[in-house]
Structure formats: structure tokens, C-alpha cells
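Quick notes on the structure that follows.
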Amino acid sequence: MSEHHCVFSIFGATGDLTNRKLLPAFYHLEREGYLKESFRIVAIARKDKSDEEYRNEASNSIRKFSRRKVNEDIIKKLVSRIRYLALDIANTADYANLKRLIENVSGQSCGKCERIFYLAIPSYLFAIVVNNLKRTNLAEKARAGKPYNRVMFEKPFGNDFESAEKLNNAITKVFAESQIYRIDHYMAKELVQNLVVLRFANSIFEPLWNKEYIDHVQITVAESLGVEGRGEYYDNAGAIRDVMQNHMMQLLTLVGMEAPKSLNAEDLRSEKVKVLKAISKFTKGKAKKIAIIGQYSEGEIDGRKVAAYKKENEVRKDSGTETYVALKLELGNALWKGVPFYLRTGKRLKERATEIVIVYKNPPSELFKASGPEKNMLVVRVQPYEGVTLQFNAKVPGNKVIIDNVDMDFCHECKFGPNSPEAYERLLYDVILGDQTLFTGWEEVANSWQIFDVLNDAFKNSKPIQYEAGTWGPAKADKLIEKDGRKWVEPKRPSYAELVDKQNIMGVE
């Protein structure tokens, strides 16, 4: 264990992300005993507050958003670690107050304590913050024998390749790549991490994980919610920038990568970058043949009428922002050449679901061709109802040979319990440990933007197709896959869904 105190500073400490995710995550790290006694948190925002005012607000956020029933003694212990500082991000002089507070809570000079800076703020402010940290000697490039200082960023990391590169150049003037933790919280989800184990620890899957046996791959990230108070941000981002360029590319790279040399961050990132570089390039003209964009109109979800996207708060009344995108990609490498990857994501869809579907080719034998058996499928369910379903064919009891497809389900929560760490618990703990495995490297960001800049440019002046809220998206997205002789696999409740729902209603300690 290090002899240095660790001070974790959160810029944007009164924001939604801190209240909903970071504070409850710290509570659970405290509960599990993962925080050293010397660990301290500095909460930074613009508003004037006393330590006690912020601690009361933090306690209420933990009670409201914790995934488990809370223990008041643990809340009290956690918030006793917190100090609050009112700071103007653009005012360099204010950072001297931050430095004094860090030294005060750690009992050490800044050069002798470990520092983590979490920027839960808009990306256009990142460069301002890191430059002021450097000017005040709060941040410096990593040096051997010196306590660490690290920085964490939330997506979006830029709006395109040019802005992302400019931002990265500003940050790397202050921090080395080994000190930078770019967050894509999908990487910390249990079933996303399980993809590596599922593939490379099972001889029944890995030998068949290639173009010889797999017909195609589908990745779906569906949300039943609308913009939910993020209208202004979302109207400037859209589905491509908000979900597909980052979350879905992470899922695709884990499905498509070859076995890394080891499980360390560098080797994993290297294989993921190879996948991104292998994606077949397309022009703006071709983009409209392999992609469909849509925008939700009014409709009904769970028996409740919902407004059209253009009627949402903070959304422009003439907005042409896409809330849905379907895309066909191909990898030109030896492992996957000829196997299409179909991606789709959208808001106000029929159900919330994130899943990866591996659709296998029909067996080479002609024995049961006349019976028309369904293709075998492996479904990795990231959320909700985390688990894996293997769909295969079996004979229906009786005198005749009638084939039906059956499911074999693995329920993650049923096997391991409901207390698996949530994404932000894992991410916060990993940055304290200095483990970059679940964080995105610059090469991943750069290669992903270079792909999606073409797509964004192609649809820049196009009107998205309207689709009714509560459906699975525009009909043209169905045609995108159907013209290849395939169809979208609709997410469905697994056999264990009722049990999981019951456990969640009862709650856990």
C-alpha cells in the first residue's frame, strides 16, 4: 500500500452524474472497504456551499440513487471524507485555493500526495481545467518515484476527429497517456467484460468464432426513454455521436478482436484498434446505402403516450437530429471477411435492451434442410437481465421429426447474486489502482472518429425518417438487413426475467 494520501477531486460535483453515479459508487466502495483511511474527496462546483451543506446533499443523493439499501453509518463515514470548494473553472487564481485545500486534507504538499481529477463537466472545458492545473503545479507528467496524478474524462471526447485531436493535444501537454482515463462506462459492465472470458476461456465457442461458422453479428443498443432532460446536449450530438461512435464500437471491437497476448490494458487496446482499422472504409455516397437514420414521432410506450422528439424540452422545433441509426459494417481482415456486422441504436424504442447476437451459419449437412431449422444463435444480454442465451434446434416430442428452436439460458444475477459492482464502482476503483484496462485509449478514439466523421458528413443535410415511438424504429432499417436475406433479432425476455424482477422488487441489503 502507498504511504501517500490520495485526494480525489471532482469538477462538476453538484451535477447529475456526480449525484446519480459517482457518490453512490463511492458509497459502495466505502461499504466494501476499498477506500484507504487516508483517502479524501474534494467536491468542486461554482456555487457557494459549506462542507456540511454539500455533505447533506451528498447523503441524500446516496440514499436516493444507491442500488442497495443504505447503511447510515457508512454514509456518515464516506461524507466525512468530503470537503467542498467553490471554484470558477476559468479563473486560474481559484486553483491556488484548490491546491491549499488538497494540501490541507492530505497533510502533505501536493508533490507528495496522490491526486486524481475527475472532470464531470462539458468537454469544451477540459482543456481550460488541465491548463490551470498545470499552471498551479497541481498536475505534471508522470515521473518515476513521484506520487501519481491522473485525470478522468467523460464522453463525448470531441465532436469529430478534428476536435478530438485538438482536445487530446491540449491534454497530453499536461498528462502522459498513462495518466489519462477516458471513460466509456459500457466497458465496465459485467457482461461486456464477460465477452473476453466467454470467447477465450471456452473451447466450445472460440474455434467457431470466425467467418467459417458465423453468418453475421447484430449489436443492438435500444432505449425506451427519450432525451430525459438532456435535450440541449442530445440535439447537438444525436444517436451517432452519443452511442454508436463510442459504446457500440467498444462492443464491436470486443466481439471482433483476436486473442490478446495478455489481459493488460496495452495488449487489449492493441487488438481493439486492429479491429477498428480493419473496418472497410466507405465514402459519403456509400454511407447512405449502408446506414439509415431516424427520429421518433409521438407514440405510446408501456401504455403511456409520449411526445415526439421535436416536442421535447430544449430541442429545436425544426431539429434534424437523428435519434435512431442502423448501420452495416464489414471487416476486411482474414478472421471476418464477408461477415456483416449490423448495428442499431435508438431512443423511444419498444424496449430497453443492449445485446449482442452471434448468428451462426446453417449446418453443412443437407439432412434437415427440408425441415427449415432456425439458425443457431448466441445472445449476450448486456442489459437488462444480464446473461447469455444459446439458441439451438431440438426435436419436438412425437412420432414425426418436427424441429423447434429452444433456449438454454445463463442468468448472471441468478448465479452470482445481485451485488455485482456497477460500472462506476469498477471504474473509480480501477483509476485508484492505476488499471487502464477498462478505459479507452487515444488510438481507439481517433480511429473511431475517422469512421464516423464520414457517416456524420453524409447525413449532415438529410432529414431523418420519422418512426413512431414505441416501435423498433423505421421500416427502412428493416429493409437494410432484409435485402441481405436476414432480419433483425428482436430482444426478448429470457426465461429467468420474472425471477430477477421479483428479486429487484424485494430489494437487497
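A short reminder: the numbers here are calculations on the coordinates, not readings from a lab. Predicted model only: the values in this text are computed from it and were never measured. Virtual Cβ from ideal backbone geometry, glycine too; neighbours counted across all protein chains shown.
Which cysteines in the chain lack any other cysteine whose Cβ sits under 4.7 Å from their own Cβ?
Taking the Cβ cut-off of 4.7 Å, the unpaired cysteines of the chain are CYS6, CYS110, CYS113.
If you average the C-alpha positions of segment 388-449 and of segment 297-372 separately, how far apart do those two centres end up, in angstrom?
First find each Cα centre; the distance between them is then 18 Å.
Mind scanning LYS274/LYS337; LYS375/LYS492; LYS76/LYS112; LYS21/LYS99 and naming the pairs with a C-alpha gap bigger than 20 Å?
LYS76/LYS112; LYS21/LYS99
Given the DSSP H assignment, sum -39500 (n - 2.57) over each helix run of at least 4 residues in the chain and divide by its residue total; what's the result at 222 nm in deg cm²/dmol, nearest 500?
The helix-only estimate for the chain comes to -10000 deg cm²/dmol at 222 nm.
Can you spot the lysines whose alpha carbon is less than 16 Å from LYS483's alpha carbon? Ignore those fewer than 8 places along the same chain.
Leaving aside lysines fewer than 8 places away in the same chain, those within reach of LYS483 are LYS286, LYS288, LYS289, LYS328.
Compare the peptides 177-186, 291-300, 199-208 by average per-residue count of other Cβ atoms within 10 angstrom and give them in order, highest first.
291-300, 177-186, 199-208
For percent of Cα pairs over 42 Å apart, the choices are [x] 18; [y] 21; [z] 28; which was calculated from the structure?
[y]
Kindly write out, for segment 378-392 in residue order, the coupling ³J(HN,Hα) from the Karplus curve 6.51 cos²θ - 1.76 cosθ + 1.60 (θ = phi - 60°), rounded to whole Hz, with x marking Gly and Pro.
So the Karplus estimates, Gly and Pro as x, are 10, 10, 9, 9, 7, 6, x, 6, 3, x, 9, 10, 9, 9, 9 Hz.
Determine the alpha carbon to alpha carbon distance for each of LYS281/LYS476; LYS311/LYS460; LYS281/LYS463; LYS36/LYS502; LYS166/LYS317; LYS134/LYS155 and list only those over 26 Å.
Those over the limit are LYS36/LYS502; LYS166/LYS317.
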